[in-house]
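Just so you know, all these numbers are worked out from the coordinates, no wet-lab data involved. Predicted model only: the values in this text are computed from it and were never measured. Cβ sites come from the backbone with ideal geometry, for glycine too, and all protein chains shown count toward neighbours.
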Amino acid sequence: MSDADALAEICGEVFPPSASVWRAADFTSYAAAATSTVVVARSAGNVCGGAVVQIVPGDPNSEVSDAEAELLTIFRAAGSAGSGVGSAILDHILKICAERQVAAIFLEVAATNNRAQLLYQKFDFKRTGVRKGYFPSHKNNRVDAIMMTRCVPTNAE
């Protein structure tokens, strides 16, 4: 099984059936794009989580970095809660963003996903707004998204 297939399988297990499911082709497409990165986490050689971050390059003529990133998805296998997989993935993403001189990273997290919100707060993401009814839920209704942002220090800082 390819990494993209394994990531898609995990997404199918952890996201609500009513959500737009990430397919293997989606991960392959993002991995091939110059402006995005697919992170694959492994445990004992097996794929156990992943993420996709889209990076919007800044103005190359600017003296200050204005590049931005959006964390499009981050997830871990259902049985790995509390194992540190999410923290390891997020830490890796922040390192990638710093290397690419990203000034800020944005994300949306379901208002009902307290574990993820705590993880993001641990990594200094700040709540910046709410998108009402943004995410589908397991109960076929909608859940608000909490918008969060984190400034990313570059390697020079």
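The residue among VAL56, GLY79, PRO16 whose Cα reaches farthest toward the positive pole of the charge dipole of the stretch 1-87, with charges on the beta-carbon of Lys, Arg, Asp and Glu, is GLY79.
What does the extension gain come out to for PHE106 and ASP124, with contour length at 0.36 nm per residue minus their alpha carbon separation? Full extension of this stretch gives 5.3 nm more.
Order these by the 10 Å Cβ neighbour count, fewest first: CYS97, CYS151.
Working: CYS97 24, CYS151 12.
Sorted ascending by nearby Cβ count, the order is CYS151, CYS97.
What size of dipole, in debye to the nearest 20, comes out for the chain about its Cα centre when the only charges are +1 on Lys and Arg C-beta atoms and -1 on Asp and Glu C-beta atoms?
Approximately 660 debye in magnitude.
The share of Cα pairs per 10 Å bin across the chain, counted from zero up to the longest distance, runs 11, 38, 39, 12, 1 percent. Considering helices alone, the calculated mean residue ellipticity of the chain at 222 nm is -8500 deg cm²/dmol, with DSSP H runs of length four and up weighted by -39500 (n - 2.57) and normalised per residue.
Start at zero, step by 5 Å, and the Cα-Cα distances of the stretch 1-43 spread as 5, 24, 29, 25, 14, 4, 0 percent across the bins. Straight-line cross-link partners of LYS126 among the aspartates and glutamates, defined as a Cα under 12 Å from its Cα and at least 8 positions apart when in the same chain: GLU108.
Against the main long axis of the alpha-carbon atoms of the chain, helix 85-99 sits at an angle near 20°.
Figure the gain on full extension for GLU99 and ASN114 (residue separation times 0.36 nm, minus the Cα-Cα span) and round it to one decimal in nm.
Working: separation 15, 0.36 × 15 = 5.40 nm, distance 2.92 nm.
So the extension gain works out to 2.5 nm.
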